[in-house]
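Novice: Pasting in a structure now, in structure tokens, and then I'll have a few things to ask.
The values are calculated or read from the model by the stated rules, or taken from the named source; none is laboratory data. All values reported here derive from a predicted model rather than from experimental measurement. All Cβ positions, glycine included, derive from the backbone under ideal geometry; neighbour counts span all protein chains shown.
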2 protein chains.
Amino acid sequence: MKRVVATGTFDILHTGHLYYLEESRRLGDELYVIVARDVNVKHKPRPVVPEEQRLKMVAALKPVDHAVLGDLTDMFRPIREIQPSVITIGFNQHFNEEKLRTELSARNISCDVVRIGKYSGDTYCSTSLIIQQVLERYREE
Amino acid sequence: MKRVVATGTFDILHTGHLYYLEESRRLGDELYVIVARDVNVKHKPRPVVPEEQRLKMVAALKPVDHAVLGDLTDMFRPIREIQPSVITIGFNQHFNEEKLRTELSARNISCDVVRIGKYSGDTYCSTSLIIQQVLERYREE
């Protein structure tokens with residue numbers, strides 16, 4: 001059984017998320033998703049939707065077999081438990097692939113790291129575009 | 001095979017939508033969802049996410065077997081085609097159940113109409129609450 005791990009915040013779900021998860025799922029037999037904890041989202045604005053709800057929504061998507069919240073302090077803990085063959089990174093995730101490979105190997109975790117390409121098939125396939133659209137639509141009210 | 005039809009706009013997906021769809025799915029063997037066309041959303045603000053993307057996201061949810069866009073002019077056309085045993089209405093949908101029953105029966109469509117209760121298990125289980133939260137979070141920027 002080839003396990004794939006995808007990770008992310010998944011704040012306001014959109015077709016870009018779906019593409020990332022579907023492409024990740026294709027790389028193995030079972031897709032685990034690690035959903036970022038609220039307090040650990042530091043490189044972009046704090047999520048609008050709380051972690052428990054983001055987790056529920058990700059778990060409800062067809063390509064997802066298992067969804068779990070990330071660890072509060074050790075991002076490698078769930079990865080050690082899941083023992084994936086592949087970890088996927090979204091096109092705009094801030095990880096450096098090489099650095100991640102080094103960190104995994106330093107912890108004796110043997111898995112591939114694959115970056116999934118950008119999806120640009122739809123107009124609002126990013127959380128920030130949706131937020132921008134909400135602001136434009138409701139700003140004057 | 002007992003078919004259930006659920007309907008809605010499903011603008012920014014949240015756990016309230018998921019609850020409505022899961023509860024609808026429980027009432028039969030197969031869940032069809034009719035997703036409102038952009039131009040037909042008149043009783044509340046125009047959706048942020050375009051209809052094709054709303055359709056894709058609804059179709060990607062586990063309780064949903066089939067998702068289709070509504071008809072531009074005749075809301076009963078997809079219902080005639082699907083031939084459901086049950087039509088469900090969300091707690092905040094503006095249909096009047098009795099009026100809907102009368103309209104269905106006037107068209108020789110024989111099915112139950114069931115209103116699904118309100119889900120209040122999560123903080124942001126409505127599109128308008130999420131939009132409000134986006135506005136509060138980003139207004140000053």
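Novice: For the stretch A:65-102, which residues satisfy the criterion of being among the hydrophobic types (A, V, I, L, M, F, W, C), touching a Lys or Arg at 6+ places or on another chain (Cβ under 9 Å) and either part of a strand (DSSP E or B) or over 22 Å from residue A:44 (Cβ atoms) (or both)?
Specialist: Those that are among the hydrophobic types (A, V, I, L, M, F, W, C), touching a Lys or Arg at 6+ places or on another chain (Cβ under 9 Å) and either part of a strand (DSSP E or B) or over 22 Å from residue A:44 (Cβ atoms) (or both): A:67, A:69, A:82, A:86, A:89.
Novice: Which one is farthest from residue B:15 (Cα to Cα), of the residues in the stretch A:13-55 that are among the acidic types (Asp, Glu) and not in a helix (DSSP H, G or I)?
Specialist: Among them, the one singled out is A:29.
Novice: Tell me which residues, restricted to the stretch A:86-141, are within 30 Å of residue B:49 (Cα to Cα) and of a type in the set (A, V, I, L, M).
Specialist: Selection gives A:87, A:89, A:114, A:116, A:129, A:130, A:131, A:134, A:135.
Novice: Identify, from the list A:81, A:52, A:23, A:97, the residue that is within 14 Å of chain B (Cβ to nearest Cβ), free of Cβ contacts under 8 Å to residues at least 24 places away in the same chain and either surrounded by fewer than 19 Cβ atoms within 10 Å (Cβ to Cβ) or small (Gly, Ala, Ser) (or both). Full working, then the answer.
Specialist: Details: A:81 fails: within 14 Å of chain B (Cβ to nearest Cβ); A:23 fails: free of Cβ contacts under 8 Å to residues at least 24 places away in the same chain; A:97 fails: within 14 Å of chain B (Cβ to nearest Cβ).
Testing whether each residue is within 14 Å of chain B (Cβ to nearest Cβ), free of Cβ contacts under 8 Å to residues at least 24 places away in the same chain and either surrounded by fewer than 19 Cβ atoms within 10 Å (Cβ to Cβ) or small (Gly, Ala, Ser) (or both) leaves just A:52.
Matching residues to (1) within 14 Å of chain B (Cβ to nearest Cβ); (2) in contact with a Phe, Trp or Tyr (Cβ under 6 Å, 6 or more places away or on another chain); (3) at pLDDT 95 or above; (4) farther than 29 Å from residue B:64 by Cβ:
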position: A:36; (1), (2), (3), (4): no, no, yes, no
position: A:40; (1), (2), (3), (4): no, no, no, yes
position: A:43; (1), (2), (3), (4): no, no, no, yes
position: A:71; (1), (2), (3), (4): no, no, yes, yes
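Novice: Evaluate the stretch A:130-139: report whether one residue or more is touching a His at 6+ places or on another chain (Cβ under 9 Å) and of a type outside the set (Gly, Ala, Ser).
Specialist: There is at least one residue in the stretch A:130-139 that is touching a His at 6+ places or on another chain (Cβ under 9 Å) and of a type outside the set (Gly, Ala, Ser).
Novice: Right, here's the next one. Which one of these is outside any strand (DSSP E or B) and touching a Phe, Trp or Tyr at 6+ places or on another chain (Cβ under 6 Å): A:134, A:58?
Specialist: Checking each option against the conditions leaves just A:58.
Yes/no matrix, rows are residues, columns are (1) within 14 Å of the chain's Cα centre (by Cα); (2) of a type in the set (A, V, I, L, M); (3) surrounded by 15 or more Cβ atoms within 10 Å (Cβ to Cβ):
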| position | (1), (2), (3) |
| --- | --- |
| A:31 | yes, yes, yes |
| A:36 | yes, yes, yes |
| A:60 | no, yes, yes |
| A:70 | yes, no, yes |
| A:74 | no, no, no |
| A:90 | yes, no, yes |
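Novice: Oh, and also: Tell me yes or no: at least one residue of the stretch B:101-123 is modelled with pLDDT of 95 or more, under 30 Å from residue A:65 (Cα atoms) and within 14 Å of chain A (Cβ to nearest Cβ).
Specialist: no
Novice: Answer yes or no as to whether residue B:12 is within 10 Å of chain A (Cβ to nearest Cβ) and either crowded, with 24+ Cβ neighbours inside 10 Å or under 11 Å from the mean Cα position of the chain (by Cα) (or both). I'd like the intermediate steps shown before the answer.
Specialist: Numbers: within 10 Å of chain A (Cβ to nearest Cβ): yes; either crowded, with 24+ Cβ neighbours inside 10 Å or under 11 Å from the mean Cα position of the chain (by Cα) (or both): yes.
For residue B:12, the condition - within 10 Å of chain A (Cβ to nearest Cβ) and either crowded, with 24+ Cβ neighbours inside 10 Å or under 11 Å from the mean Cα position of the chain (by Cα) (or both) - is met.
Novice: Taking the stretch B:103-118 only, how many residues are part of a loop (DSSP other than H, G, I, E, B) and out of contact with any Ser or Thr (no Cβ under 7 Å at 6 or more places or on another chain)?
Specialist: 6
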